[in-house]
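Working notes, beginning with the structure itself.
The values are calculated or read from the model by the stated rules, or taken from the named source; none is laboratory data. Just so it is clear, the structure is predicted and the values come from calculations on it, not from any experiment. Virtual Cβ from ideal backbone geometry, glycine too; neighbours counted across all protein chains shown. The protein model used for the area step is the full one, side chains on, heavy atoms only, and it has no ligands, DNA or RNA in it. Shrake-Rupley method; radii C 1.70, N 1.55, O 1.52, S 1.80 Å.
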Amino acid sequence: MPRSLANLFSKPSENIMSEIGKTAALMTNVIDLSIGDPDMVTATPILTAAKDSLTAGNTHYSASDGDVEYLKAIIAFYQEKFGLSYTKENVRATVGAGHATFLAFGSIINPNDEVIIFEPYFSPYKTQVEANGGKAIIVTCEAKNGFQPTKEAITAAISDKTKAILVNTPNNPTGAVYDQELLQVLADLAKEHDFYLIADEVYWPFVYGDHEFTPLEKLAPNHTLVTGSLSKVFAMTGFRIGYLAGPADIIDAAGLLNEGITFSAPSISQTAGTYALNHIDDFTPALKEEFGNRLNYVATALNKLPWLNILPVAGSIYLFADISASGMDDVTFSNYLLDKVGVLVIPGRAFGDAGRGYIRIAVTQDMATLAAAVRAFEKLTF
Ligand SMILES: Cc1ncc(COP(=O)(O)O)c(C=O)c1O
């Protein structure tokens, strides 16, 4: 008999995303607006950089903290875009941002330490905190506050066990972009109580209208661990490349932890990433514009439906639509949308209880496909 599973996995909570995904996989002609994987193929010059490097024999492990050119490219990017002076000791290559958050949690959490997570949240955070022996403390964000946490709610959640607050702006799934005042509150609290801010910045360029991206690491440099990714910024999800940046002692600890996990990040992806970061303005502004057009188009079109409501577009590549006026709950609605008109979205509760009554729509398909999705929504009756 095999030994039993870890408690964390012996009674897994319902995985709504995977259930709906399985149903969709059995259907044909589904318009998939579920996962955050942009439809665009990575830009040709980035692919060429990767191919050339492979042909030249770049098929080995890189240094465990990262290829020196990749680390330099990250450092130069932070200096040029945000005026931040990281050194090689402050950054390490990771296998995407998911790996970076795991290493960040693993480097700071002692048993029963608490990590505050704002709900609705990108679902892996909670699992990662728990897998690292910590306790996730959930703070609910409400639509009436633009899905930003209030100072009162954050302060009430802080205890002497608080080790970190996870901050994801622009936000998945809600699309919120946290305002400067809130970020300052978070920075001040981190300094006052001496905990970390884990800043998940994977959608940093995708901010629209009057919204601006403010890097938390500028406001609280000694208390912020940045988890970055090239997945969305350059449409490079399959390359699995990202980074962790922050105080040198944490980056060191993350290195020790990662020696026994992946050791290094993929060499070829670091070469591709180096090219991408060194030529960022050739690629990212176009992606930003495209996602902005898509978000605005879908939000405007769907907001005409009497049973659906989307807040004004702020950022990310997602719309979080309130469908409670349809009379259905989010899971029933998502199944109905899939069965009746073949559109796949994620029910809001996949991002925690505060997501009930919402669906997340990823604008990760081209305009023609999004137009077909809008027509499909328009056919629904309640
Ligand atoms: C908020 C957020 N963080 C992290 C990730 C993971 O990114 P990566 O592909 O770099 O692991 C995602 C992917 O959807 C995300 O939405």
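Taking packing as the residue-averaged number of other Cβ atoms within 10 angstrom, the listed peptides 360-367, 272-279 run from highest to lowest as 272-279, 360-367. Protection proxy ranking, highest mean first, for peptides 98-106, 317-325: 98-106, 317-325, where packing is the per-residue count of other beta-carbon atoms within 10 Å, averaged. Note on the chain: with neighbouring protein chains present and a 1.4 Å probe, carbon and sulfur make up 52 percent of its accessible heavy-atom surface.
Near the amide H of Thr224, within less than 5 Å, lie the amide hydrogens of Leu197, all on another chain or at least 5 residues away, with H placed in the peptide plane. Shown for the chain are the DSSP H helices of 24 Å or more along their axis, judged by Cα atoms, with a mean Kyte-Doolittle hydropathy of at least -0.5: 280-302. Taking a ≥ b ≥ c as the square roots of the eigenvalues of the alpha-carbon gyration tensor, the range 51-109 is classed oblate because a/c is 1.5 or more while a/b is no larger than b/c.
Spatial offset of the range 178-201 relative to the range 262-311 amounts to 25 Å, using the alpha carbon center of each. Within the full protein context, the accessible area of Asp32 is estimated at about 50 Å² for a probe radius of 1.4 Å. Using the average count of surrounding beta-carbon atoms within 10 Å as a protection proxy, the listed peptides 44-51, 217-224, 238-245, 87-94 rank, highest first, as 238-245, 87-94, 217-224, 44-51. Annotation: amide H of Ile241 within the under-5 Å range of Gly96, Leu230, Ser231, sequence separation 5 or more or interchain, hydrogens built in the peptide plane.
Between their Cα atoms, which of Lys163/Lys288; Lys126/Lys191; Lys51/Lys218; Lys144/Lys288; Lys22/Lys144 are more than 29 Å away from each other? Pairs exceeding the cut-off: Lys163/Lys288; Lys51/Lys218; Lys22/Lys144.
Taking all protein chains into account, the per residue accessible area for the range 58-281 stands at 38 Å² (1.4 Å probe). The share of C-alpha pairs in the chain whose separation exceeds 39 Å stands at 15 percent. For the range 264-283, the residues whose backbone nitrogen is under 17 Å from a point 7 Å from the Cα of Glu69, taken along Cα to Cβ, are 265-280. Considering only beta bridges that DSSP places wholly inside the range 58-281, some 30 percent are antiparallel.
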